[in-house]
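Take a look at the structure below.
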Amino acid sequence: MAQIKNIGLFTSGGDAPGMNAAIRAVVRTALYHEIEVTGIRRGFEGMISGDFFPLNRKSVSNIIQRGGTILKTARSAQFRRPEGREAAYEQLKNFNIDALIAIGGDGTFRGVKTFAEEYPIPIIGLPGTIDNDLNGTDFTIGYDTAINTVINAVDKIRDTAESHDRLFIIEVMGRDSGMIALRTGIAAGAEGIIIPESEFGVERLFDRLANGRKDKTSRIVIVGEGDGDESKAFDIGRQVKERFPQLDTRVSILGHIQRGGKPTCMDRVLASRVGAAAVEALKIGYRGDMAGLINNEVVFTPFGHAIKHNTEIDPNLLRIVEILSL
Ligand code: F6P
């Protein structure tokens, strides 16, 4: 096994709070083991164009507490094509980069999975996405911060909902994954949660609104955005207004506020642990896995298994939503 001398590090896909903490952990751990780190700007896009720069101890000072990513990020259509991946590999060879650490979500891992199958380069992934929709880790970097941002916003909406006796339908992020909606719905005391994975759909909500307690003064319904082009919340809001004209209904879409802000302590610790583990895994020969935390232990999961559509919603969480919102 050849000794690794220069790790290329990049963030890709939607940014997530805690990505900077992960970058810092990778750089500092690599330097500790006398391995160089090359930063790659804007994910796969920068890899293809050779937008590389050296990262040192100082370049990652004072970033652990910052949201966003100092490496910038992008979604790359070019890398989905074989010519794009070939160009990227040539750039890596030219810059003597002999391993990669990728921080991102589902799309990123699909990209590196193919790349690792096609080219002889070891790659470790770190789960960086607010969506928490990857297998092989209990939580992804950014999820804890995002759900805390959501409940802060929903608590504020609850104040005005209560003053006006209104029903609010609030859309949260999570492309075809209801993980953000599920936890924030429980934490905000929602009347209903509508997520792609659950049967608690619009009809169940209508049933509760028709037959549930009538003395409620404010009601919150949390809707996961899903992967369609249209806003789910507006659609549901329209239906609720038609069926229940007596309810004063408003729709609120939280949007990209969920992706920003200072990472929570949980996200910084998660990012630091898996970031350090990724470098040490490369040193001992891992080459196509994501580093995650399960039951507070670092575990490695092959990319093919980490990517979503494998994640499952805990039915107990869904059950208590209904019990607790009686
Ligand atoms: O993957 C993270 C995420 O925030 C999803 O929850 C959301 O659907 C998507 O990114 C939005 O992406 P963009 O910022 O590119 O519109």
Qualifying residue in segment 244-264 (condition: more than 16 Å from the ligand (Cβ to nearest atom), assigned to a helix (DSSP H, G or I) and assigned by TED's automatic domain parsing to the domain that holds Pro196): no
Those residues of segment 118-132 which are touching a Lys or Arg at 6+ places or on another chain (Cβ under 7 Å) and in a loop (DSSP other than H, G, I, E, B), in sequence order: Pro122, Ile130, Asp131
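Only residues that are among the aliphatic types (A, V, I, L, M), free of Cβ contacts under 8 Å to residues at least 40 places away in the same chain and over 18 Å from Asn132 (Cβ atoms): list them for segment 240-297, please. Let's see the steps before the verdict.
We begin by selecting, within segment 240-297, every residue among the aliphatic types (A, V, I, L, M); these are 240, 247, 251, 253-254, 257, 266, 269-271, 274, 276-279, 281-282, 284, 290-291, 293-294.
Now drop any that are not free of Cβ contacts under 8 Å to residues at least 40 places away in the same chain, which leaves 269, 277, 284.
Across segment 240-297, the qualifying residues are Ala277, Ile284.
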Filter pass, Asp159 being open to solvent by 20 Å² or more (accessible area, probe 1.4 Å), assigned to a helix (DSSP H, G or I) and within 23 Å of Lys241 (Cα to Cα): yes
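Would you be able to say whether some residue in segment 170-184 is away from the ligand (no atom under 16 Å from the Cβ) and charged (D, E, K, R)?
No, segment 170-184 has no match at all.
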Residues being farther than 17 Å from Ala102 by Cβ and either within 16 Å of the ligand (Cβ to nearest atom) or crowded, with 24+ Cβ neighbours inside 10 Å (or both) - total across segment 265-282: 1
Matching residues in segment 1-22 - criterion: being under 30 Å from Ile180 (Cα atoms), polar (S, T, N, Q) and more than 13 Å from the ligand (Cβ to nearest atom): Asn20
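Would you mind finding the one in Thr114, Thr129, Thr140 that is open to solvent by 10 Å² or more (accessible area, probe 1.4 Å) and in contact (Cβ under 8 Å) with a residue 40 or more places away in the chain? Show your work before the answer.
On the way: Thr114 fails: in contact (Cβ under 8 Å) with a residue 40 or more places away in the chain; Thr140 fails: open to solvent by 10 Å² or more (accessible area, probe 1.4 Å).
Thr129 is the lone residue from the list that is open to solvent by 10 Å² or more (accessible area, probe 1.4 Å) and in contact (Cβ under 8 Å) with a residue 40 or more places away in the chain.
From the residues in segment 216-230 that are open to solvent by 30 Å² or more (accessible area, probe 1.4 Å) and within 16 Å of the ligand (Cβ to nearest atom), which one is modelled with the highest pLDDT? First the steps, then the outcome.
The first filter runs over segment 216-230 and keeps only residues open to solvent by 30 Å² or more (accessible area, probe 1.4 Å), leaving 216-217, 225, 227-230.
When the remaining residues are screened for being within 16 Å of the ligand (Cβ to nearest atom), the result is 225, 227-230.
Details: Glu225: 93, Asp227: 78, Gly228: 76, Asp229: 75, Glu230: 81.
Filtering segment 216-230 for residues that are open to solvent by 30 Å² or more (accessible area, probe 1.4 Å) and within 16 Å of the ligand (Cβ to nearest atom), the one modelled with the highest pLDDT comes out as Glu225.
Is it true that some residue in segment 184-203 is open to solvent by 60 Å² or more (accessible area, probe 1.4 Å), part of a helix (DSSP H, G or I) and modelled with pLDDT under 90? Full working, then the answer.
Initially, segment 184-203 is screened for residues open to solvent by 60 Å² or more (accessible area, probe 1.4 Å), giving 187, 196-197, 199, 203.
Add one more test, that the residue is part of a helix (DSSP H, G or I), and what stays is 187, 203.
Among the residues that remain, those that are also modelled with pLDDT under 90 are: 203.
Yes, some residue in segment 184-203 is open to solvent by 60 Å² or more (accessible area, probe 1.4 Å), part of a helix (DSSP H, G or I) and modelled with pLDDT under 90.
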Sole residue being within 21 Å of the chain's Cα centre (by Cα) and either open to solvent by 40 Å² or more (accessible area, probe 1.4 Å) or closer than 20 Å to Glu118 by Cβ (or both), chosen from Gln91, Gln78, Gln65, Gln3: Gln65
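Looking at Ile169, is it in contact with a helix residue (DSSP H, G or I) (Cβ under 9 Å, 6 or more places away or on another chain), over 28 Å from Ala271 (Cβ atoms) and not basic (Lys, Arg)?
Numbers: in contact with a helix residue (DSSP H, G or I) (Cβ under 9 Å, 6 or more places away or on another chain): yes; over 28 Å from Ala271 (Cβ atoms): yes; not basic (Lys, Arg): yes.
Criteria met by Ile169.
The values are calculated or read from the model by the stated rules, or taken from the named source; none is laboratory data. Owing to the predicted nature of the structure, the values given are computational and were not obtained by experimental measurement. Note: ideal-geometry Cβ built from the backbone for every residue, glycine included; neighbour counts use all protein chains shown. For the accessible areas, the whole protein counts, side chains as well, though only heavy atoms, and no ligand, DNA or RNA atoms are used. Shrake-Rupley method; radii C 1.70, N 1.55, O 1.52, S 1.80 Å.
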